[in-house]
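> Quick one: this structure, given as C-alpha cells, is what I'll be asking you about.
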Amino acid sequence: MGLGYSVSVLSSINKQAAEALAEEFSWSLDQQDADVILSWREGALTVHVQSDGELAGFKPTSFDFSQITVGDKKQALARACGLHKHPQRIMDTCAGTGVDAFILNRLKADVFSCERNPVIFSLLRDAYSRSGSPNGWSITCGDACQFLDAQHFDCAYCDPMFSSDTKRRGAERKEMRLLRFLEQGPNDSDQVLDKVAASSIRRMVVKRPLRSPKLQFTDRQLANCIEGKGFRFDVFDRH
C-alpha cells in the first residue's frame with residue numbers, strides 16, 4: 001500500500017532482521033533522512049517519525065504488552081464480544097497496537113487480527129513475538145475484508161481510526177498521535193465497516209468515542225451499547 005511517507009530500517013543493531021524487514025516491504029536500508037525510521041532498541045523494534053515536528057521530539061517507540069492489565073470477562077470489551085457467555089472466535093479487523101486483541105486472547109478468545117499498514121504491522125508483529133506468539137491468536141498484514149467470509153467467526157471487532165477534533169488533538173496520547181501519522185491517507189473506515197456489516201458474521205462490535213453518534217447499517221440492527229472508560233462498544237446483530 002502507498003504510505004505517503006518514506007521508511008528506512010537501520011541495520012546497526014540487528015543487521016539480519018533489518019535486511020529481511022526492508023526486503024519484505026521494499027523499504028530502504030540505513031537511509032538516515034527517511035521520514036520514518038525503524039530500528040531495534042533493547043531487543044524491540046521501534047519507530048521514530050522524523051518528518052513531523054511534534055512527533056520528532058518523541059523518543060523511538062515500540063509496541064509492548066508486558067504492562068497490560070487484562071481484567072476479567074465482566075469488562076466492557078469482553079461483554080461486547082460475548083466472552084461473558086462463552087468462548088468466541090473473533091476477527092479483529094483493525095489490529096493497530098494489538099492491545100484489545102491481546103486482552104481478548106488472554107480471556108480465552110480465539111483471535112485473528114488484520115493490520116494493513118505495514119509499519120504498524122511490523123511493530124505489532126514484533127510485540128506479538130516478544131510476548132511469545134500467544135496460542136489462539138494469529139496476525140496477518142492485509143485487508144480484513146478479504147478474510148471476512150473465508151473462515152468462520154462468531155464476532156467481528158472493529159476499532160477504526162476515527163477522526164479527531166482539531167481542538168482535542170493536543171490532549172491525545174503520544175501513541176494515538178503516532179498511529180494517526182502512520183495511518184495517513186484516505187480514510188475509508190466507513191467503507192470497511194459497511195463490508196463487515198454485510199458479511200455473514202453474526203455479531204459485529206464497533207469501538208467508538210463515548211459521545212459519538214450511533215452508526216446505522218443496512219444489514220444490521222443495534223443490539224446493545226456498552227460503555228467503557230472513554231469509549232463505547234456498539235454491538236450489532238444481523239437482521
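The values are calculated or read from the model by the stated rules, or taken from the named source; none is laboratory data. Nothing here was measured: the structure is a model prediction, and the numbers come from that model. So basically every Cβ, Gly included, is an ideal-geometry build from the backbone, and we count neighbours across all protein chains shown.
> Out of everything in the stretch 198-216 that is of a type in the set (D, E, K, R) and out of contact with any Cys (no Cβ under 6 Å at 6 or more places or on another chain), what residue ends up being surrounded by the fewest Cβ atoms within 10 Å (Cβ to Cβ)?
Residue satisfying both the conditions and the ranking: ARG211.
> Residues of the stretch 199-228 being of a type in the set (Gly, Ala, Ser) and under 21 Å from the mean Cα position of the chain (by Cα), which ones?
SER199, SER212, GLY228
> Among the residues of the stretch 1-51 satisfying the criterion of being of a type in the set (Gly, Ala, Ser) and touching a Lys or Arg at 6+ places or on another chain (Cβ under 9 Å), which is farthest from SER122 (Cα to Cα)?
At the first step, the residues of the stretch 1-51 found to be of a type in the set (Gly, Ala, Ser) are 2, 4, 6, 8, 11-12, 17-18, 20, 22, 26, 28, 34, 39, 43-44, 51.
Applying the additional criterion that residues be touching a Lys or Arg at 6+ places or on another chain (Cβ under 9 Å) yields 43-44.
Details: GLY43: 14, ALA44: 11 Å.
The extreme case among them is GLY43.
> Also, quick follow-up: Being in contact with a Ser or Thr (Cβ under 7 Å, 6 or more places away or on another chain) and modelled with pLDDT under 95 is the filter here; which residues of the stretch 6-33 pass it?
Correct list: ILE13 only.
> Here is a further query. In the stretch 217-239, which residues are among the basic types (Lys, Arg) and either surrounded by 19 or more Cβ atoms within 10 Å (Cβ to Cβ) or in a loop (DSSP other than H, G, I, E, B) (or both)?
ARG220, LYS229 - these are the residues of the stretch 217-239 that are among the basic types (Lys, Arg) and either surrounded by 19 or more Cβ atoms within 10 Å (Cβ to Cβ) or in a loop (DSSP other than H, G, I, E, B) (or both).
> Condition first: surrounded by fewer than 20 Cβ atoms within 10 Å (Cβ to Cβ), assigned to a helix (DSSP H, G or I) and among the hydroxyl-bearing types (Ser, Thr, Tyr). Now tell me which residues in the stretch 118-132 satisfy that.
SER129
> Now, a different point. Output the number of the condition that ILE90 fails; it satisfies all remaining conditions of (1) closer than 22 Å to ARG208 by Cα; (2) free of Cβ contacts under 8 Å to residues at least 60 places away in the same chain; (3) buried (at least 20 other Cβ atoms within 10 Å of the Cβ).
(2)
> Suppose we keep only residues that are among the aliphatic types (A, V, I, L, M) and over 30 Å from VAL7 (Cα atoms) within the stretch 104-117. Which one would you say is surrounded by the fewest Cβ atoms within 10 Å (Cβ to Cβ)?
LEU107
> A further question follows. Residues to consider are ALA56, ALA78; find the one that is outside any loop (DSSP other than H, G, I, E, B) and surrounded by fewer than 17 Cβ atoms within 10 Å (Cβ to Cβ).
Exactly one residue qualifies, and that residue is ALA56.
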